[in-house]
Amino acid sequence: MTWGDLFKEIKRTLKEPNTDVVDSGHCSDAEYLRRANICQRKIVGFTGCLKQTDIATVSVVGQAEYSKPTNCLRWIRLTYDDKRLYPISRDDLDISASTGIISSPWVDSQGTPTNYYKTFSTYGLYYKPDTAGLIITEEYALKPTDLVNSDSVPFNGTTILEDYQELIISYVVWRCLLEDGKELFKEHKNDFIQGMLNLKRVVNVKFDEDLGTFTLLKQRQATTKFPLPLWS
C-alpha cells in the first residue's frame with residue numbers, strides 16, 4: 001500500500017467525515033504524515049527489519065574514532081578485519097583502567113581492536129588500530145526514507161514488509177485517540193506493540209545493545225589476549 005491508502009484507512013478508522021478534505025479531522029495532513037514517519041523509525045529501530053551493511057570504512061593507525069553512518073538508527077554489530085567487536089561504554093573502560101584490569105590511560109592503548117564504544121555521532125575502537133587499511137564492517141538498522149506524499153511506500157518499498165504496513169495505521173490511530181482521551185486507544189496501542197514483537201521474532205535480529213553482559217579482551221603481552229567478564 002501507499003501512504004495515500006494508509007491515510008484513507010486511518011481517517012476511516014477515526015470516523016473522519018470526509019477523507020477528501022485537506023487538513024480535516026484530528027490534525028493536519030502534515031501532522032498525520034509526521035506521525036507515520038515517526039512510526040516507521042520506531043518499527044525499524046526496534047525490529048531491525050531494514051538493515052544496511054557498509055564496508056567503506058577502513059582502519060587508520062592510531063585513530064580510535066570514526067564517523068557513525070548518518071542513516072544508522074541502531075547498531076546491530078561491528079567487525080574489524082572480519083572479527084567481531086563487542087560493545088562497551090567509555091565508563092566501563094574508565095573503571096577497568098582505574099582498577100588495573102586494562103592499561104591506563106586506555107585511550108593510549110594500541111593494538112588489534114576487540115571492543116567499540118559509541119558517542120553521539122561517532123564510534124570508537126578499543127584498542128586503537130595498529131594496522132592501516134583493514135575493513136571495519138558496520139551492520140545497522142537502516143533509517144527508512146521518509147514518506148513525503150500519497151504515492152510514497154513505507155519501509156523503502158520493501159515488498160516483504162507489506163504485511164506490516166498496517167502497524168502504521170495502528171500507531172497513528174492510537175496517538176490520535178490518546179489525545180482525545182478515548183479508552184479505545186488501548187486496543188490500537190496493543191495491536192501496534194504486538195505487531196512489532198511479531199515482526200522482531202520474524203526478523204530475529206540480535207542487537208549489540210541488547211547483550212546482557214560484555215566481554216573485554218585484555219592484552220597481557222603484544223600477542224596475548226584473554227577474555228575477562230565485565231559488568232554490563
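The values are calculated or read from the model by the stated rules, or taken from the named source; none is laboratory data. Everything quoted here is computed from the prediction, not taken from an experiment. No Cβ is skipped: glycine too gets one built from the backbone with ideal geometry, and neighbour counts run over all protein chains shown.
In the list K83, K68, K42, which residue meets the criterion of being closer than 30 Å to V173 by Cα, among the basic types (K, R) and either modelled with pLDDT of 95 or more or not assigned by TED's automatic domain parsing to the domain that holds L161 (or both)? Full working, then the answer.
On the way: K83 fails: closer than 30 Å to V173 by Cα; K68 fails: closer than 30 Å to V173 by Cα.
Result: K42 is the single residue among K83, K68, K42 that is closer than 30 Å to V173 by Cα, among the basic types (K, R) and either modelled with pLDDT of 95 or more or not assigned by TED's automatic domain parsing to the domain that holds L161 (or both).
Over 17 Å from the mean Cα position of the chain (by Cα) and farther than 30 Å from I55 by Cβ: is that true of V173 in this structure?
yes
Among the residues of segment 94-110, are any of a type in the set (A, V, I, L, M), buried (at least 18 other Cβ atoms within 10 Å of the Cβ) and either in the same structural domain as K42 (by TED's automatic domain parsing) or outside any strand (DSSP E or B) (or both)?
Step one: filter segment 94-110 for residues of a type in the set (A, V, I, L, M), giving 95, 97, 101-102, 107.
So of that shortlist, the ones also buried (at least 18 other Cβ atoms within 10 Å of the Cβ) come out as 102.
After this cut, where a residue has to be either in the same structural domain as K42 (by TED's automatic domain parsing) or outside any strand (DSSP E or B) (or both) as well, the list is 102.
Checking segment 94-110: at least one residue is of a type in the set (A, V, I, L, M), buried (at least 18 other Cβ atoms within 10 Å of the Cβ) and either in the same structural domain as K42 (by TED's automatic domain parsing) or outside any strand (DSSP E or B) (or both).
Test K182 against the stated conditions and say whether it is free of Cβ contacts under 8 Å to residues at least 24 places away in the same chain and either in a helix (DSSP H, G or I) or outside the structural domain of I38 (by TED's automatic domain parsing) (or both).
Judged against the criteria, K182 is not a match.
Suppose the filter is small (G, A, S) and not in a loop (DSSP other than H, G, I, E, B); does G45 pass it?
Details: small (G, A, S): yes; not in a loop (DSSP other than H, G, I, E, B): yes.
For G45, the condition - small (G, A, S) and not in a loop (DSSP other than H, G, I, E, B) - is met.
Report the residue count in segment 69-93 for those that are among the acidic types (D, E) and assigned to a loop (DSSP other than H, G, I, E, B).
Counting residues in segment 69-93 that are among the acidic types (D, E) and assigned to a loop (DSSP other than H, G, I, E, B) gives 2.
For the structure I just gave you, tell me whether S59 is closer than 30 Å to T158 by Cα, of a type in the set (G, A, S) and at pLDDT 95 or above.
The answer is no for S59.
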